[in-house]
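Worksheet: the structure to be examined is printed underneath.
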Amino acid sequence: MSPARAISAGRTARLLRSELALTFRRRRNAALLAVLALVPILTAVAVKAQSRPGQGGSILGGITDNGLFAALAAFLVAGPLFIPLVVAVVAGDSVAGEAGSGTLRYLLTVPVGRTRLLAIKFAALVIWGTACAVVVAAAGELAGLVLFPSGDVVLLSGATVSYGDGLVRLLLVLVYVALTITVVSAIGLFVSTMTEVPLAAMAATLTVTVAAEVVDQIPQLSAIHGWLPTHYWLQWIDLLRDPVRTGDMVTGLLVTLAYVLVFVSMAWARFGGKDVTS
């Protein structure tokens, strides 16, 4: 690597570390992660208080027989709303927050192009979304181990696999959720370049996400369901079958990739020509 490229790479790495530090050290974001961790814990406690062993056959029912399902139930509960909400808050603030506080103008004086700066912010958002998925999985797994038995896992298809195999499937669920939630990061990044009001960007990002989920529940609009960015979010359930069905998950990842490319491209087009005055 040439000295110039080495310097450029080092500068990019420093900016990414700075962006991550800003994201994860904010009290608001730390509080959001704490609230997110409470979702699987409260879900597990509620199931423990009201359920009896032997109620398998579903994800929520399976918690009583194996604590591993507590983490899976957490994704079922938090995946459609809570994780997108936490990601939307940070994504909407990514550029609009800098512009609103007046720091974006000074940030652009650093010898790094707008394209690279936008890429760094998107990378930080992807890492943030992954962290949200990890928090849900970890809190759910911990609550499951404390409140429920562990051992062989009975899948939704009726097959029994080892606990280790179940953990591998949980890890794959985590990866799938982290990848599909990047669409919220991409939408939020684009919206954030359109305004200097972070709250407006957060609200718009969440509104688009919720609207897609609402449309996905209307039978009369079934023809467009497969094109919605949220349609395949819960398709990770296929990982709990034997054999695993991958077709719809692959489609979901491709749809996510398409939306990410579109919204990140629009964010780049908007931010590249944006007149930053604050």
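The values are calculated or read from the model by the stated rules, or taken from the named source; none is laboratory data. Remember, predicted model here, so these are calculated numbers, not experimental data. Positions of Cβ are generated from backbone atoms using ideal geometry, with glycine treated the same way; all protein chains shown enter the neighbour counts. Areas reflect the complete protein model, heavy atoms only, side chains present, ligands, DNA and RNA absent. Shrake-Rupley method; radii C 1.70, N 1.55, O 1.52, S 1.80 Å.
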Which ones in region 78-129 are among the small types (Gly, Ala, Ser), at pLDDT 85 or above and buried (at least 20 other Cβ atoms within 10 Å of the Cβ)?
-> Ala78, Gly79, Ala88, Ala91, Gly92, Ser94, Ala124, Gly129
Cβ-Cβ under 9 Å pairs, at least 6 apart or on other chains, region 240-252 side at pLDDT 90 or above, far side among the aromatic types (Phe, Trp, Tyr) and open to solvent by 80 Å² or more (accessible area, probe 1.4 Å) = none
Taking region 19-45 and keeping residues closer than 16 Å to Ser94 by Cα and open to solvent by 70 Å² or more (accessible area, probe 1.4 Å) leaves Leu22, Phe24, Arg25, Arg26, Arg27, Arg28
Can you find even one residue in region 184-194 that is of a type outside the set (S, T, N, Q) and out of contact with any helix residue (DSSP H, G or I) (no Cβ under 6 Å at 6 or more places or on another chain)?
-> yes
Within region 31-56, residues being modelled with pLDDT under 90 and not in a loop (DSSP other than H, G, I, E, B) number 8
Within region 227-262, restricting attention to residues that are under 14 Å from the mean Cα position of the chain (by Cα) and closer than 20 Å to Leu206 by Cβ, which residue is surrounded by the fewest Cβ atoms within 10 Å (Cβ to Cβ)?
-> Leu234
Taking Arg5, is it open to solvent by 50 Å² or more (accessible area, probe 1.4 Å), at pLDDT 80 or above, basic (Lys, Arg) and part of a helix (DSSP H, G or I)?
-> no
